[in-house]
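Below is one structure, written out as structure tokens; comments come after it.
The values are calculated or read from the model by the stated rules, or taken from the named source; none is laboratory data. The structure displayed is predicted, hence computed values, not measured ones. We place every Cβ from the backbone using ideal geometry, glycine too, and count neighbours over all the protein chains shown. Ligands, DNA and RNA are stripped out before the accessible areas are found, and what is left, the full protein with its side chains, is counted by its heavy atoms. Shrake-Rupley method; radii C 1.70, N 1.55, O 1.52, S 1.80 Å.
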Amino acid sequence: EAQVTQNPRYLITVTGKKLTVTCSQNMNHEYMSWYRQDPGLGLRQIYYSMNVEVTDKGDVPEGYKVSRKEKRNFPLILESPSPNQTSLYFCASSLMALTYNEQFFGPGTRLTVL
Amino acid sequence: KNQVEQSPQSLIILEGKNCTLQCNYTVSPFSNLRWYKQDTGRGPVSLTIMTFSENTKSNGRYTATLDADTKQSSLHITASQLSDSASYICVVSSGPFGNEKLTFGTGTRLTIIP
């Protein structure tokens, strides 16, 4: 089944404890992206990747890192999480850049930073 | 600043009735407009994608319209079902070909009651 998977789905952590949220897609998509979704706000892009070894900042990249060593994986790294990073996170992928290409979203990761 | 505004914020209708959701945008340069359905606690799922040359696009009981002159779009749901209860998000893509960015609306929360 074609899909985007994320792990973990739920995570509670404490301030400053490094964490990684994994994202994987099995559709051979070139474009991958991370978003966060907060109440009252639309989804906001954190980072995106046009292809392997190519990553760029989105609208809210502060406090996050990403890597794209393989085409299928695009992990999101929080080196020193803070409470304002408590949010619902979505990974997404599309065949190529967003020009008329459908974007497929993962199931989401709900992160709480205490 | 690119913006996407949706109305109403929330809507409750009886099962079987029709409804229309609105989206106004101030995004430039315009590339395409998308409508997504997001069930509670899940990732958004694409319903339609329209370029500026497309006025109407249907996906089953969902019909999206686009007026690029007035920068307005609507999503019409026909003969609503309980499973239509979800948030509907309008998203506008803008920017140079191959390097577009997405601007998300905050969504309309639709509740279908029996």
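Taken along the Cα-to-beta-carbon direction at a fixed 7 Å, the label points for B:SER58 and A:TYR10 span 4.2 nm. Looking only at the protein assembly as shown, where both bridge partners belong to it, what percent of the DSSP beta bridges are antiparallel (to the nearest 5)? If we restrict to bridges inside the protein assembly as shown, about 90 percent are antiparallel. Rolling a 1.4 Å probe over the heavy atoms of the protein chains gives region A:1-67 an accessible area of 52 Å² per residue.
Simple spin-label estimate for B:LEU11 and A:MET27 gives 2.6 nm between the two label positions (7 Å along the Cα-to-Cβ direction from each Cα). For region A:36-114, trypsin sites (Lys or Arg not before Pro) are listed when DSSP marks them as loop and at most 12 other Cβ atoms sit within 10 Å of their Cβ; the list is A:LYS69. The slack in the chain from A:ALA2 to A:GLU70, taken as 0.36 nm per residue of separation less the alpha-carbon distance, amounts to 22.7 nm. Among A:MET50, A:MET32, A:MET96, the largest mean-square fluctuation in a Gaussian network model of chain A (Cα springs under 10 Å) belongs to A:MET96.
Accessible surface buried at the A:B interface totals approximately 1800 Å², computed with a 1.4 Å probe on protein heavy atoms.
Taking a point 7 Å out from the Cα of A:ARG110 in the direction of its Cβ, the residues of region B:25-55 whose backbone N falls within less than 12 Å of it are B:40-42.
With all protein chains in place and a 1.4 Å probe, the accessible surface of the protein assembly as shown carries 51 percent carbon and sulfur. Distance between the 7 Å Cα→Cβ label points at A:ASN84 and B:ALA68: 3.9 nm.
Extension gain, A:LEU19 to A:GLU53: 0.36 nm times the residue separation minus the Cα-Cα distance gives 10.1 nm.
How crowded by other chains is A:104-110, given as the mean number of beta carbons from other chains within 10 Å of each beta carbon?
On the way: counts 4, 7, 2, 3, 5, 0, 1.
Mean inter-chain Cβ contacts per residue within 10 Å come to 3.
In the protein assembly as shown, the convex hull through the Cα atoms has an average projected area of 12.4 nm², a quarter of its surface area. Reported to the nearest whole Å, the Cα centre-to-centre distance from region B:18-92 to region A:61-114 is 24.
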